[in-house]
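The values are calculated or read from the model by the stated rules, or taken from the named source; none is laboratory data. This one's a predicted model, so the numbers in the text were calculated from it and none came from an experiment. Ideal geometry is used to build each Cβ from the backbone, glycine not excepted, and the neighbour counts take in all protein chains shown. SASA here: full protein model, heavy atoms, side chains in, ligands and nucleic acids out. Shrake-Rupley method; radii C 1.70, N 1.55, O 1.52, S 1.80 Å.
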Amino acid sequence: MKIFRNIKPEFVDARGGITRLLDSESPIKSILSITSQKGSIRSNHYHKKDTHYCYLVSGKMEWFEKPVDGGETESAVLEAGDMVFTPSMTIHAVRFLEDSVFLTFATEARNQDDYEADTVRVQLIES
């Protein structure tokens, strides 16, 4: 599991700060802002091609992941300012411990048809 903790601004002056969330050679094709209520569960799926970074803007969540080809389920609690990377063929799910807002930076288009063709739903965690 690849987690980036407590990402801080690189530059701060009287106007505010600039925080680098992503500076990568991976081509980002979509950016989503997702809100979730405390106690809700999202994902419980994997992607055949898509990889994505999820940056927690506010709130708190427990992230779960497991390789499609087997192995142990890993989990980690993320707080505002943390980011997790999920490669393709990795089952992932999230339980929200507080009302939360997160951004997803994905390498595949997120129009509904392409998203559904790339997504395989599984039950990693239960409600």
**Asked** Quick check: anything in segment 89-104 within 22 Å of S26 (Cβ to Cβ) and touching a helix residue (DSSP H, G or I) at 6+ places or on another chain (Cβ under 9 Å)?
**Response** no
**Prompt:** What is the number of the single condition among (1) at pLDDT 95 or above; (2) surrounded by 16 or more Cβ atoms within 10 Å (Cβ to Cβ) that R121 does not meet?
**Reply:** (2)
**Request:** State whether the residues of segment 23-35 include one that is open to solvent by 50 Å² or more (accessible area, probe 1.4 Å) and touching a Pro at 6+ places or on another chain (Cβ under 8 Å).
**Result:** no
**Asked** For segment 22-42, what are the residues that are within 20 Å of R110 (Cα to Cα) and part of a loop (DSSP other than H, G, I, E, B)?
**Response** L22, S24, E25, S26, P27, I28, K29
**Request:** Please find, among V94, V122, the residue that is among the β-branched types (V, I, T) and over 12 Å from the mean Cα position of the chain (by Cα).
**Result:** V122
**Asked** Taking only pairs six or more apart or across chains, which ones have beta-carbon atoms under 8 Å, a first residue in segment 52-71 that is under 15 Å from V101 (Cβ atoms) and of a type outside the set (F, W, Y), and a second residue that is open to solvent by less than 40 Å² (accessible area, probe 1.4 Å) and part of a loop (DSSP other than H, G, I, E, B)?
**Response** L56/G81; L56/D82
**Asked** If a residue has to be assigned to a loop (DSSP other than H, G, I, E, B) and touching a Gly at 6+ places or on another chain (Cβ under 8 Å) to count, how many in segment 11-21 make the cut?
**Response** 0
**Item:** Single unsatisfied condition, M89 versus (1) open to solvent by 60 Å² or more (accessible area, probe 1.4 Å); (2) farther than 18 Å from M1 by Cβ; (3) in contact (Cβ under 8 Å) with a residue 24 or more places away in the chain
**Value:** (2)
**Fill in**
Selection over segment 43-79 where residues are closer than 19 Å to D114 by Cα and surrounded by fewer than 18 Cβ atoms within 10 Å (Cβ to Cβ) yields a count of 5
